[in-house]
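The values are calculated or read from the model by the stated rules, or taken from the named source; none is laboratory data. Note that the structure is predicted; figures quoted are calculated from it, not measured. Ideal geometry is used to build each Cβ from the backbone, glycine not excepted, and the neighbour counts take in all protein chains shown. When the accessible area is computed, the model is the full protein with side chains, heavy atoms only, and any ligands, DNA or RNA have been set aside. Shrake-Rupley method; radii C 1.70, N 1.55, O 1.52, S 1.80 Å.
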Amino acid sequence: MQTRETLLEIKDLKVHFPIEKGLLFKKDVGSVRAVDGISFSVYKGESLGLVGESGCGKSTTIMALARLERITSGQVWFEGKDLATLNAEQLIQARKDFQIIFQDPYSSLDPRMRVIDIVAEPMRIFTKKAILTLTEKEIEEKALGLLDKCGLPASYAKRYPHEFSGGQRQRIGIARALSLGPKLILADEPVSALDVSIQSQILNLLKDLQKEFDLTFIFIAHDLSVVEYFCNRVAVMYLGNIVEMAPSHELYVNPMHPYTKALLSAVPIPDPVAARTRKRLILKGDVPSPSIVRPGCPFYERCHKAMPICEKQKPALLGAEAGHQVACFLYENIQGGEHA
Ligand code: SF4
């Protein structure tokens, strides 16, 4: 069996936001547990999807990995360095290797800058800091080359972001994200704001670039069919926890966790006969507040299979089979005890 090289290893990552009360003298009265102790590895060259309802902690997770959100505790190992402990200067160096593609390409691009300067800017900053040694001519050539690889001809280079469509702006954002030669791309809903026809073009572009530049992705999308198309593995998040993780084909054919089953039962299917006969699982109530401290399973309040133990004890994310891990007491008898 081929061994996979780990690029990123996250251990017990927590991001909690304090809830403060008081006008003059602020006092912490609790915390919002946006990410509540997740552990997983990302392998070189793969695309790992993070899915779950709004507020489940997926965007906070990638913001914390990029250190754009303060990490409360835990470790983020990337090429022998724990990103959680780097100081500001070390972090700038490390940022060369991981970049973010944002959901809204327009608000992430400076409207006063020409497209070539948007793509060239990170290289200019890193050259100024002596992290890269590039001449201005090399920077411009590289920026033009990246725009071309992202499907934007050189004749567009001197235009401004408002002159482009949403799909073209996302291509500019992708070219900028690639300008420092990153190894890991953190993609936060990169196609959600685009029309369906444009979405597939951007996804295919990302797949081509992944092959050409040997990229690894952590990819967030609320559309589960987008994740199925783009990702090799999927982690399902609920209330700041990973409740299930599996290779994409395995997760979509054989979901285990009651939450994943409910999510997948809501995905539209093109076959009208199959769609009519499929049983939709409706979740009870809304996602509860992430500020409530619960000793048991995070999904307990909404789970139609909940048992007395689920209220008192939190199930660990354990291995079942075919690289499948699930955090649910229903599967204790088939789990081999392989911790995530
Ligand atoms: Fe439902 Fe219990 Fe499984 Fe949690 S551990 S998903 S509450 S059955």
Rounded to the nearest 10 Å², what accessible area does residue 300 show when all protein chains are kept and the probe is 1.4 Å? 70
In region 71-140, the chymotrypsin sites (Phe, Trp or Tyr not before Pro) that fall in loop regions by DSSP, at most 16 other Cβ within 10 Å: 106
All aspartates and glutamates inside 20 Å of residue 27 as judged from Cα atoms, apart from same-chain residues fewer than 8 positions distant: none
Along the charge dipole of the chain, which of 94, 300, 184 sits closest to the positive end, that is, farthest toward it, with unit charges on the beta carbon of Lys, Arg, Asp and Glu (+1, +1, -1, -1)? 300
Counting only DSSP beta bridges fully inside the chain, the antiparallel percentage to nearest 5 is 65
Per the helix-only model, the chain has a calculated mean residue ellipticity at 222 nm (DSSP H runs of ≥4, -39500 (n - 2.57) each, divided over all residues, rounded to the nearest 500) of -9000 deg cm²/dmol
Name every cysteine in the chain that ends up alone, with no second cysteine's Cβ under 4.7 Å, or say none. 56, 150, 231, 303, 328
GNM result for the chain, Cα springs below 10 Å: residue of 24, 86, 146 fluctuating most strongly: 24
Cβ charges +1 (Lys, Arg) and -1 (Asp, Glu), total dipole of region 10-109, debye: 240
Just how large is the dipole of the chain about the Cα centre, in debye to the nearest 20, putting +1 at every Lys and Arg Cβ and -1 at every Asp and Glu Cβ? 600
Which pairs in the list 137/207; 96/128; 44/183; 149/207 are over 18 Å apart, alpha-carbon to alpha-carbon? 137/207
Just to confirm my numbers, what's the Cα centroid distance between region 220-275 and region 192-208 in Å? 19
Accessible area of the chain with a 1.4 Å probe: how many percent of it is carbon plus sulfur? 52
If unit charges are put on Cβ atoms (+1 for Lys and Arg, -1 for Asp and Glu) and the dipole of the chain is taken about its Cα centre, the option from 77, 59, 16 lying farthest towards the positive end turns out to be 16
Note, ³J(HN,Hα) from phi for region 307-322, Karplus 6.51, -1.76, 1.60, rounded to Hz, x at Gly and Pro: 10, x, 4, 5, 6, 9, 10, 8, x, 7, 7, 10, x, 9, 8, 6
Gap in Å between the Cα centre of region 124-176 and the Cα centre of region 95-111? 12
Note down the accessible area of residue 114, probe 1.4 Å, to the nearest 10 Å². 70
Which listed residue (194, 257, 209) has the Cα farthest towards the positive end of the charge dipole for region 186-259, taking +1 on Lys and Arg C-beta and -1 on Asp and Glu C-beta about the Cα centre? 257
